[in-house]
Every structure is written in structure tokens, then in C-alpha cells.
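Q: Have a look at the structure that comes next, please.
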Amino acid sequence: MTIKISRHFFIISIMTVLAFIFAPAISVKAADAAPVHTNIDTSKKGGNQYITYKLTLDKTEVTDGRVVIGYNGDILELENDSQGIGFSEEDINTKKENGKELFSYAFVNDEKKSAGGTLITLKFKVKDEVFRQDTAIDTQIISINNEDEEVLGNTSLSDTFSAGKSKLKKPEISDITQSILGVYVSWKKDGDADGYYLYRSTSEKGEYVQVAKLSLLTTYLDLSVENRQTYYYKLVAYRGSGDKQDLSDESAPKSVTVKKFWGLFD
């Protein structure tokens, strides 16, 4: 009875240990931390990037355990969590500490349990405003026990991965020529871009005005040109819309001087 009461007490008091999760511990690679292992998967859906974290347990006899998972809340937003192995009691808490978001998971079983599989799964959404950078999910195994026998003591695991959208490449106008109808501008599409804004000016360092917004095409025929006039064009790639729209740097300007064709451009 005393053992059972003490186990249930440590479930209730899990939050009291959070202040110490960054205390010195044995740091190992996930693959070497048997009987626990971590795994990170990344996926995209509807333009959003998602990170799925899993903590798994080799088939082991256990009675209780405590785990704290830390991540950068400026980059990742926790969407949901789920537990795989069922225990008599489980406790989940979240807290922010030392600039990190912390997710704690504690479990206890009334008697020895031969368990294996997924302990916990966390699904994160990468925040919209985040550009590509390395980040880590840190796992602190505080203890996993089989009654009085320690299965795994104070151990740290860290999984580093890239999260966020890539910055749009600076576009380049590949061709600019005069056709019989006007000025023909073309460029190559960047797979990360949703489209392009095309700007025009009558002087290289003058004021540029938007003449087109194109999403599918990588060419534009500018019909509103005049004879004997030099035009400068710049290109800007965009991704998204509204307040969440990302813009690339402006392309280098390219110019063309319109010459009269068969009475056109008077």
C-alpha cells in the first residue's frame, strides 16, 4: 500500500520537478537510449508545415515513469497530444520555463506492466511567420522504473531538425525584348513562389509602378508602351496573401528601348 501511495503522489507532484529538467543528465543519441527512443517526422498540408514527435518504449516491464519534453514555442505550436500505452493513471501538464514550452507526462500502473510501443505522440504546427531554421525538441527522461528497480534514469535526448518556410529567392528577368505589339518580359518560376509582381519605370532609379500581378504565367506582354521610350522592369516574387504574404527582394532592373514598328507605338 505504501508503495502504491508513493507512486500516485509522484504523479500529482510532477510539476514540481520541471524546474530541474535542465540539471546535468546523461546526454545520448535517441537510438542509444534503450528502452526509449524518439522520432521526428515532418509533413506539409495546405501550405502549413507540421512536426510529429513520438516517444516509444521497447517492450519492458514498468510500473511508473516521468518525462518532460521541451520545445521552442516561438517556432512550434502544439496542436494535440495522444498516449499510446494505457496505464492505471496518467498525468499531463504544460508550462513555460526558461524560455521554453514544456510538456510533462507521468504515468503509474498498479502493478508491473509488460509494455511496448508509443508512450506519447505530439503534433506541432510550425508557426506561419517562421522562416527556415534549425530547432530542437529536447526530451528529459527523469525516471522510468519497475517498482524499486530503475529501468532508465536521468537521461537527455535532443532531436534537431529544420522548421519553417524557405525564403523566396530573388527573381531574375531572363528575357526582355520588343515584339510587334509591345514589350515581352519573361522569367523562370521559383517553386516556392505563388506568383510575381512586375514593375516598370522610365528611369533606372526612378519610381516603379506595378503593371501586372501574375500567378501562373512566367511571361508578360506590356502593350502600354510608347515609341522611342526606354523602359526599366523589375520583378518581385510573392507567396501567400494579405497580411501573411511574403515578398522576395527585387530583381535587378532590365531595360528595353521601344522602336517604331509599321506605324505602331506612335
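The values are calculated or read from the model by the stated rules, or taken from the named source; none is laboratory data. Just so we're clear, the structure is a prediction, and the values are computed from it rather than from any experiment. Positions of Cβ are backbone-derived with ideal geometry, glycine not excepted, and every protein chain shown enters the neighbour counts. Ligands, DNA and RNA are excluded from the accessible area calculation, which covers all protein heavy atoms including side chains. Shrake-Rupley method; radii C 1.70, N 1.55, O 1.52, S 1.80 Å.
Q: Consider residue 212 carefully, then state whether it is within 32 Å of the chain's Cα centre (by Cα) and at pLDDT 95 or above. Before you say what the answer is, go through the steps one by one.
A: Numbers: within 32 Å of the chain's Cα centre (by Cα): yes; at pLDDT 95 or above: yes.
Considered against the rule, which asks whether it is within 32 Å of the chain's Cα centre (by Cα) and at pLDDT 95 or above, residue 212 comes out as yes.
Q: Further, regarding this structure: Just name the residue that is nearest to residue 149 (Cα to Cα) out of those in segment 93-121 that are surrounded by fewer than 14 Cβ atoms within 10 Å (Cβ to Cβ) and over 24 Å from the mean Cα position of the chain (by Cα).
A: Taking the candidates together, the pick is 112.
Q: Against the condition more than 24 Å from residue 34 (Cβ to Cβ) and aliphatic (A, V, I, L, M), how does residue 108 come out, does it pass?
A: Details: more than 24 Å from residue 34 (Cβ to Cβ): no; aliphatic (A, V, I, L, M): yes.
In short, no.
Q: Could you give me the residue pairs with C-beta distances under 9 Å whose first residue belongs to segment 214-226 and is within 18 Å of residue 247 (Cα to Cα), whose second residue is aliphatic (A, V, I, L, M) wherever it lies, and which are 6+ apart or on separate chains?
A: Note: pairs meeting the criteria are 214/198.
Q: Go through (1) more than 20 Å from residue 156 (Cα to Cα); (2) among the acidic types (Asp, Glu); (3) assigned to a strand (DSSP E or B); (4) modelled with pLDDT under 95 and name the single condition residue 41 misses.
A: All conditions pass for residue 41, except number (1).
Q: Hey, residue 176 hits all of (1) open to solvent by 70 Å² or more (accessible area, probe 1.4 Å); (2) in contact with a strand residue (DSSP E or B) (Cβ under 9 Å, 6 or more places away or on another chain) but one; which does it fall short on?
A: Unmet condition: (1).
Q: Just need a number here: residues in segment 252-262 that are in contact with an Asp or Glu (Cβ under 8 Å, 6 or more places away or on another chain) and buried (at least 18 other Cβ atoms within 10 Å of the Cβ). Give the steps one after another, and end with the answer.
A: Looking only at segment 252-262, we keep the residues that are in contact with an Asp or Glu (Cβ under 8 Å, 6 or more places away or on another chain), and these are 252-253, 255, 258, 260.
Restricting the remaining residues to those that are buried (at least 18 other Cβ atoms within 10 Å of the Cβ) gives 253, 258.
Qualifying residue count, segment 252-262: 2.
Q: Moving on. Given the structure, is residue 81 among the acidic types (Asp, Glu), open to solvent by 50 Å² or more (accessible area, probe 1.4 Å) and modelled with pLDDT under 95?
A: On the way: among the acidic types (Asp, Glu): yes; open to solvent by 50 Å² or more (accessible area, probe 1.4 Å): yes; modelled with pLDDT under 95: no.
No: the conditions fail for residue 81.
Q: Tally time: how many residues in segment 142-173 are open to solvent by 20 Å² or more (accessible area, probe 1.4 Å), over 24 Å from the mean Cα position of the chain (by Cα) and more than 30 Å from residue 246 (Cα to Cα)?
A: 9
Q: Now a separate question. If we keep just the residues of segment 179-218 that are among the basic types (Lys, Arg) and open to solvent by 60 Å² or more (accessible area, probe 1.4 Å), which is nearest to residue 51 (Cα to Cα)? Lay out the reasoning, then the answer.
A: Kept after step one, since they are among the basic types (Lys, Arg), are these residues of segment 179-218: 188-189, 200, 205, 213.
Now drop any that are not open to solvent by 60 Å² or more (accessible area, probe 1.4 Å), which leaves 188-189, 205, 213.
Working: 188: 31, 189: 28, 205: 45, 213: 33 Å.
Among those that are among the basic types (Lys, Arg) and open to solvent by 60 Å² or more (accessible area, probe 1.4 Å), it is 189.
Q: Here is a further query. Considering only segment 219-251, state which residues are open to solvent by 60 Å² or more (accessible area, probe 1.4 Å) and either modelled with pLDDT under 95 or assigned to a loop (DSSP other than H, G, I, E, B) (or both). Steps first, answer last, please.
A: As a first pass, look at segment 219-251 and keep what is open to solvent by 60 Å² or more (accessible area, probe 1.4 Å): 221, 223-224, 226, 228, 241-244, 247, 249-250.
Listed by number, the residues that qualify are 223, 224, 226, 228, 241, 242, 243, 244, 247, 249, 250.
Q: I'd like to check which strands (runs of 3 or more DSSP E) are fully inside segment 116-208 and have at least 3 residues that are among the polar types (S, T, N, Q). Give the derivation first.
A: Details: elements: 133-146, 149-152, 155-163, 173-178, 183-187, 195-201.
Passing ranges, in order: 133-146, 155-163, 173-178.
Q: Sticking with this one: Does residue 12 qualify as being at pLDDT below 90 and open to solvent by less than 30 Å² (accessible area, probe 1.4 Å)?
A: Values: at pLDDT below 90: yes; open to solvent by less than 30 Å² (accessible area, probe 1.4 Å): no.
No: the conditions fail for residue 12.
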